[in-house]
Structure formats: structure tokens, C-alpha cells
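For reference, the structure discussed in these notes is given below.
The values are calculated or read from the model by the stated rules, or taken from the named source; none is laboratory data. None of the values given here were measured: they were computed from a predicted structure. Note that each Cβ is placed from the backbone with ideal geometry, even for glycine, and that neighbours are counted across all protein chains shown.
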Amino acid sequence: MRPKHPKLTRNLWIAVWMLVAVIQAWDFFRDKPAIPKAQPDGFFVQLKNVRLLDDPGNDGDSFKIAHAGGEHVLRLYFVDCPEKRRYALVEERLKDQAGYFGGLSVPQTVSLGLEAKAFTEKLLRERSFTIQTRWERVYDSERSYAVVLFDDGEDLAMKLVKAGLCRIHTKGTMMPDGQHEFDFENRLRGLEREARAAKRGAWGTSRRASPKPKT
């Protein structure tokens, strides 16, 4: 059966495609904050007076900040927090994260990701901190790896590990104080063992029951 108003339908589709083209053109030509040039290994840039921004992409290990009139999306070295929501593209990643913590269910892992997000946001809103970054890009994205340092001498990666809210699983780096990458990772492993023994965060979550063998 033919539509009653084929010309109207055709004009509507033309209008939709024209709107899409206008939006794409605007996005291409609009002013976008430039990502600073990556620095050599071991050379960090310190960012002070940094402010956390609300953004739907924020999670436990990745977040948007405002600094010196610009905006940047940062990603922590060394640690990986669970995903904060479940969708097809992260399903396998969620299963890997669940397995790291000894067999959590996927819903438990997502819940842990939301807890990690809240943990990080609370710290970045209530505590004084500085950012150390080399502007090293995270794959082919606009995110840059960074270290978040608090006044108590700990960084955010350490605090997440101590709270049992992340796995030690991503790119590492020589630390701003000159500490070797492998030495710092070993330090994180020690903190993780302590968190595990104290049953903090994921380590204190009840594991899903293993299916009973059929008889």
C-alpha cells in the first residue's frame, strides 16, 4: 500500500538529512580545546587549581576536569575500575573484571563500578589535589593519562586499590617523584593484598554461588 502523501514523506527525509549535515558541519568547524602535546618519558606537567566537572562519561578511573580555562578528560595510570553500566560493547570487559575479583556476578561488578565512581568524585570534590600528566594519549582518544596526588602523599590509584574498588590492570609509568613503574606497581600489589585480607570493597562482596553439578 502506497503512502497517502509520498511527497510529504520525501520532504521530511530531506529535512532530516539536511539537519544531520548541518550538525556535522557545526561539530567539525566549532572551536574545540586542543589537547596539549605529549611530553617525553619521565617529564610531567603539574596542573594546580583543577576542578572536577560533571560529565556522563565520568567513572572511577576517568573524569573530566577544568583547568586554566580549558577542559580535559583524564585517565588514571595503573588501575581499572569496573564499568558503571552494562551494554554490549563492555560485556566481555565486565566479565574479565568480575573474574579478577574472584567471581563476582556482572550486576555486582556494575554496582562496584558505581561505587568507585562515587568514591572518586567525593575525593575530587572534597580534597585538595594536583594533577601530574605527560599528556600521553589513551589509545586514539581525547583522554590523557594522569596521576592524581593528594596532600596526604597518596595518589588516587592507591586510594582506589586500598578501598578494593579497582583492579591493577592498565598502562603504568615512572612516577613524578622518580619511582620506577614496577616498584610502584609492587606497592599497589601490597595494598591490594591488605584490602583483600580486610575484605574491603569487591573483596568483601559475597560471591555468586557456583552451580551445583547435575546428578
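Here are some residues: Val79, Val106, Val45. Which one is surrounded by fewer than 18 Cβ atoms within 10 Å (Cβ to Cβ) and in contact with a helix residue (DSSP H, G or I) (Cβ under 6 Å, 6 or more places away or on another chain)? Quick ask: steps written out before the conclusion?
On the way: Val79 fails: surrounded by fewer than 18 Cβ atoms within 10 Å (Cβ to Cβ); Val45 fails: in contact with a helix residue (DSSP H, G or I) (Cβ under 6 Å, 6 or more places away or on another chain).
Just a single option satisfies the conditions, and that option is Val106.
Please go through region 76-133 and give me each residue that is basic (Lys, Arg) and either within 30 Å of Phe44 (Cβ to Cβ) or under 15 Å from the mean Cα position of the chain (by Cα) (or both), ordered by number. Residues satisfying the conditions are Lys84, Arg85, Arg86, Arg93, Lys117, Lys122, Arg125, Arg127.
Is it fair to say Ser111 is under 21 Å from Pro176 (Cα atoms) and polar (S, T, N, Q)?
On the way: under 21 Å from Pro176 (Cα atoms): no; polar (S, T, N, Q): yes.
Against the criterion (under 21 Å from Pro176 (Cα atoms) and polar (S, T, N, Q)), Ser111 does not qualify.
Filtered by the rule that a residue be polar (S, T, N, Q) and in a strand (DSSP E or B), region 57-86 gives a lone residue, Ser62. Residues in region 130-151 that are at pLDDT 95 or above and more than 15 Å from Gln39 (Cα to Cα) were compared, and the one that is surrounded by the most Cβ atoms within 10 Å (Cβ to Cβ) is Val148. The residues of region 133-169 that are under 15 Å from Val73 (Cβ atoms) and part of a loop (DSSP other than H, G, I, E, B), listed by number, are Val138, Tyr139, Asp140, Ser141, Glu142.
Would you point out which residue out of Tyr87, Tyr100 is surrounded by fewer than 18 Cβ atoms within 10 Å (Cβ to Cβ) and over 21 Å from Thr120 (Cα atoms)? Full working, then the answer.
Details: Tyr100 fails: over 21 Å from Thr120 (Cα atoms).
Answer to the check: Tyr87.
Within region 171-194, the set of residues being surrounded by fewer than 17 Cβ atoms within 10 Å (Cβ to Cβ) and part of a loop (DSSP other than H, G, I, E, B) comprises Lys171, Asp177, Gly178, Gln179, His180.
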